[in-house]
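Some notes on the structure that comes next.
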Amino acid sequence: MRYCIVRHVGFLLGEGHGQAAGDANAQPQTVTEVITLLRRPSPWMRDMTLVYASLEAAPRLNGRWPAAGSRLEDEIFACAAVMFVEPARSDGARRALIRALGQRDYEFLSGCLAFIRTAHYWTMLHPEIESEEDMLVLMRGHEELAQLLMDDSEADRSEMSERTFAELASLRELNERQELHMAKQALEEKDRQKDQFIAVLAHELRNPLSTIRTSAYSLRRLNLEDERAGPLVERVDRQTTAIARMLEDLLDASRIAFGKISVQLEPFDLRAFLKDVIDEQEPHARQAGLQLTAKITQDGCCVNADRMRLRQIVDNLLSNANQVHSRRRPRGVDSRH
């Protein structure tokens, strides 16, 4: 930042130091005028709310620039400094400048500030850069100017680089947060599409599965003479029952994802409930080479629960036990548990 300030001072002085913004018609200033400019209080040393109010109350310039060194010019530069160093916190400065300059001239000024700001970011990425020899010679001949530009006592000037860097870091952090938010939204959308696909698939598979189960039930009632038909029908029925349970699990998962899971509580006799489950599961256990036994107290036991969900839990536990045992059991070997 100090390099930029020194270079801009050279532009103001003109002659062999260059012209401000490349303007060959720019009138050079004297060292005394530059020193007066550098001694002006920065925006962070004054009450900017008063500056904003003064600019908003002043007549609109309508393309004219205020007189050099006037209070109005000083207030415009103060607002521009706030926009330059702290653009994310410069709403008051922007409103005041738009009111004083008009929208068109305000946009022109903002474009100039953006260009200068880019140059300052570049110098911050190259802290090793040093002032050119022409400015070093100038400062050696003007002690007061050198003190204003280089002495550590001018902390307010050097803090501008820290403010600019902090603003750059803030903008980068904001951009990263926006990218993370967009990535999060994309993942959530893919997850939603997955849940929706599972829900549709589960519903679509229920229809053909129901047809298969109905056909197996009809075949069982036909009393076919071929002895091989019975075990085949039982196998079809057992597998379709397992698939039906898996589909219900998929539907439950999709309901949970969409926040549509519900529990219907009702009072019922737990003994009768377990007896029904065991009676239905016993043939499947026998097919798997297992012996299903139950010890249920004779005392009545009434519970308040969701009958369908509880049935699903117990069925899954018994079905999983059958499947695990069937995979482990060697062919032709019967086990009793």
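Computed values, structure above
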{"read-out": "For residue 108: the one exception among (1) within 30 Å of residue 31 (Cβ to Cβ); (2) touching a residue at least 12 places away in the same chain (Cβ under 8 Å); (3) in a helix (DSSP H, G or I)", "value": "(2)"}
{"read-out": "Scope region 47-71; condition in a loop (DSSP other than H, G, I, E, B) and surrounded by 14 or more Cβ atoms within 10 Å (Cβ to Cβ); matching residues", "value": "58, 61, 66"}
{"read-out": "The listed residue being out of contact with any Gly (no Cβ under 6 Å at 6 or more places or on another chain) and either modelled with pLDDT under 80 or basic (Lys, Arg) (or both), out of 80, 68", "value": "68"}
{"read-out": "Meets criteria (surrounded by 14 or more Cβ atoms within 10 Å (Cβ to Cβ) and on the phi > 0 side of the Ramachandran plot) for residue 92", "value": "no"}
{"read-out": "Leading residue by the ranking (farthest from the chain's Cα centre (by Cα)) among those in region 1-39 that are of a type in the set (Lys, Arg) and at pLDDT below 80", "value": "7"}
{"read-out": "Residues within region 281-320 that are open to solvent by 40 Å² or more (accessible area, probe 1.4 Å), farther than 22 Å from residue 250 by Cβ and assigned to a helix (DSSP H, G or I), tallied", "value": "4"}
{"read-out": "Qualifying residue in region 83-96 (condition: touching a Phe, Trp or Tyr at 6+ places or on another chain (Cβ under 6 Å) and in a helix (DSSP H, G or I))", "value": "yes"}
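For every residue, the table says whether it meets (1) open to solvent by less than 100 Å² (accessible area, probe 1.4 Å); (2) over 24 Å from residue 248 (Cα atoms); (3) modelled with pLDDT of 75 or more.
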site: 175; (1), (2), (3): yes, yes, yes
site: 180; (1), (2), (3): no, yes, yes
site: 187; (1), (2), (3): no, yes, yes
site: 190; (1), (2), (3): no, no, yes
site: 212; (1), (2), (3): yes, no, yes
site: 217; (1), (2), (3): no, no, yes
site: 225; (1), (2), (3): no, yes, no
site: 230; (1), (2), (3): yes, yes, yes
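The values are calculated or read from the model by the stated rules, or taken from the named source; none is laboratory data. All values derive from a computational prediction rather than experimental measurement. Glycine gets a Cβ as well: all are built from the backbone with ideal geometry, and neighbour counts include every protein chain shown. Ligands, DNA and RNA are excluded from the accessible area calculation, which covers all protein heavy atoms including side chains. Shrake-Rupley method; radii C 1.70, N 1.55, O 1.52, S 1.80 Å.
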